[in-house]
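The values are calculated or read from the model by the stated rules, or taken from the named source; none is laboratory data. This structure is a prediction, so every number in the text was calculated from the model and none was measured. Neighbour counts run over all protein chains shown; Cβ positions are idealised from the backbone, glycine included. To get the accessible areas, we keep the full protein, side chains included, count just its heavy atoms, and leave off ligands, DNA and RNA. Shrake-Rupley method; radii C 1.70, N 1.55, O 1.52, S 1.80 Å.
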Amino acid sequence: MTDPTTTPEPVAHQKIDTSVPHSARIWNYWLGGKDNYPVDEEAGDEYTAVFPGIVTIARSSRAFLRRNIAYLVSEAGIRQFLDVGTGLPTAENTHEVAQRLAPDARIVYVDNDPMVLAHARALLYSSREGATAYIDANVMDPDRILAAAAETLDLSRPTALILSNILGHVADHDQARSIVTRLMDGLPSGSYLSVNDGSRGVDPVFEQAQDAYNDSGAVPYNLRTVEEITTFFDGLELIEPGVVPVTQWRPEPGSPTPEVIAEHGGLARKP
């Protein structure tokens, strides 16, 4: 583990509530992870009973992120990453992908979930040449995120901002756009924005399952239309093929024809 790291007191003393399902733990369950509780598995199974395709969405989202990072490191020359809404560690975390290709890459993870903090050691393990850090902060507080990230990252240099399946937790679309704008305003020209989120208007069964989940008492996750997701990239230069189903964003050569799924994403450069 490399310094600097951040282990904030408030989260360290929060109790992990195992009586209600939690989206990060359910997502971990769908990805095949073990960092979840029976209540999360039950909620996840109820969801998949309605919409089995959610497992494909979860795993395709992770694969999209991996391809994004590979592009950013190998083709765009990015060496700094700000991953907001990290979630629980699974295979192929941001630092693992980035530092495998560029050992000097520096990564800051941001989350405010006490269970993520409990597993932060897995996220903070870094190559000797690079660095990783963890910030306890809410996506709703972009100024705090930028200030804390600057302790590890040189924000005068191009940085990739990753917002993977986090903006859906911001119910108001204008507020979500404002958060993205504020974060990108804190990064210089040549920086990149990576966004992927569940999309509405593609799969009615998915929408039915998600609406039922939101009514269950769990923290809601709001699906957005493809047009709404695309607005997060306003003012930026989208990298081909633009905002598409995550399975169709630069698939690996020789892979089967990618299916259309209700999870859209894209990558764009700040001019």
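Tell me, please, whether a residue that is open to solvent by 10 Å² or more (accessible area, probe 1.4 Å), of a type in the set (D, E, K, R) and in contact (Cβ under 8 Å) with a residue 60 or more places away in the chain can be found in the range 156-171. Yes, there is a match, as at least one residue in the range 156-171 is open to solvent by 10 Å² or more (accessible area, probe 1.4 Å), of a type in the set (D, E, K, R) and in contact (Cβ under 8 Å) with a residue 60 or more places away in the chain.
Each residue in the range 225-245 was checked for being within 17 Å of Ser61 (Cα to Cα), over 17 Å from the mean Cα position of the chain (by Cα) and not in a helix (DSSP H, G or I), and 3 of them qualify. Is there a residue in the range 40-58 that is touching a strand residue (DSSP E or B) at 6+ places or on another chain (Cβ under 7 Å) and touching a residue at least 12 places away in the same chain (Cβ under 8 Å)? For the range 40-58, residues touching a strand residue (DSSP E or B) at 6+ places or on another chain (Cβ under 7 Å) and touching a residue at least 12 places away in the same chain (Cβ under 8 Å): present.
Answer with yes or no whether Ser127 is open to solvent by 10 Å² or more (accessible area, probe 1.4 Å), out of contact with any helix residue (DSSP H, G or I) (no Cβ under 7 Å at 6 or more places or on another chain) and not aromatic (Phe, Trp, Tyr).
Details: open to solvent by 10 Å² or more (accessible area, probe 1.4 Å): yes; out of contact with any helix residue (DSSP H, G or I) (no Cβ under 7 Å at 6 or more places or on another chain): no; not aromatic (Phe, Trp, Tyr): yes.
Criteria not met by Ser127.
Scanning the range 133-158 for residues that are outside any loop (DSSP other than H, G, I, E, B) and more than 21 Å from Asp35 (Cα to Cα) gives Pro142, Asp143, Arg144, Ile145, Leu146, Ala147, Ala148, Ala149. crowded, with 21+ Cβ neighbours inside 10 Å and closer than 27 Å to Val243 by Cα: does that describe Ala176? Taking the combined requirement at face value, the residue satisfies it. Would a scan of the range 181-203 turn up a residue that is open to solvent by less than 60 Å² (accessible area, probe 1.4 Å), modelled with pLDDT of 95 or more, over 25 Å from Pro21 (Cβ atoms) and in a helix (DSSP H, G or I)? Within the range 181-203 (the criterion being open to solvent by less than 60 Å² (accessible area, probe 1.4 Å), modelled with pLDDT of 95 or more, over 25 Å from Pro21 (Cβ atoms) and in a helix (DSSP H, G or I)), the answer is yes, since at least one residue qualifies.
Give the residues of the range 93-106 that are free of Cβ contacts under 8 Å to residues at least 24 places away in the same chain and more than 15 Å from Ile78 (Cα to Cα), sorted by residue number. I'd like the intermediate steps shown before the answer.
As a first pass, look at the range 93-106 and keep what is free of Cβ contacts under 8 Å to residues at least 24 places away in the same chain: 96, 100.
Answer for the range 93-106, where residues must be free of Cβ contacts under 8 Å to residues at least 24 places away in the same chain and more than 15 Å from Ile78 (Cα to Cα): there is none.
Scanning for something open to solvent by less than 20 Å² (accessible area, probe 1.4 Å), modelled with pLDDT of 80 or more and in contact with a Lys or Arg (Cβ under 8 Å, 6 or more places away or on another chain), does the range 114-124 turn up at least one residue? The answer is no; no qualifying residue exists. Taking the listed residues Ala70, Ala58, the one that is buried (at least 16 other Cβ atoms within 10 Å of the Cβ) and farther than 30 Å from Ala212 by Cβ is Ala70, with no other qualifying.
You will find that of Thr257, Thr247, the residue that is more than 20 Å from Asn138 (Cβ to Cβ), touching an Asp or Glu at 6+ places or on another chain (Cβ under 9 Å) and either open to solvent by 10 Å² or more (accessible area, probe 1.4 Å) or among the basic types (Lys, Arg) (or both) is Thr247 and no other. A residue that is open to solvent by less than 10 Å² (accessible area, probe 1.4 Å), touching a Gly at 6+ places or on another chain (Cβ under 8 Å), among the small types (Gly, Ala, Ser) and at pLDDT 95 or above occurs somewhere in the range 103-113. Summed over the range 207-219, residues that are surrounded by fewer than 17 Cβ atoms within 10 Å (Cβ to Cβ) and modelled with pLDDT of 90 or more total 2.
Quick one: which of Thr86, Thr90 is touching a residue at least 60 places away in the same chain (Cβ under 8 Å), among the polar types (S, T, N, Q) and open to solvent by 10 Å² or more (accessible area, probe 1.4 Å)? Explain how you work it out, then say what you get.
Numbers: Thr86 fails: touching a residue at least 60 places away in the same chain (Cβ under 8 Å).
Going through Thr86, Thr90 in turn, just one is touching a residue at least 60 places away in the same chain (Cβ under 8 Å), among the polar types (S, T, N, Q) and open to solvent by 10 Å² or more (accessible area, probe 1.4 Å): Thr90.
Residues of the range 107-135 being closer than 26 Å to Val73 by Cα and among the acidic types (Asp, Glu), which ones?
Our first condition is that a residue be closer than 26 Å to Val73 by Cα; within the range 107-135, this holds for 107-111, 116, 119-135.
Of everything in the range 107-135, those that are closer than 26 Å to Val73 by Cα and among the acidic types (Asp, Glu) turn out to be Asp111, Glu129.
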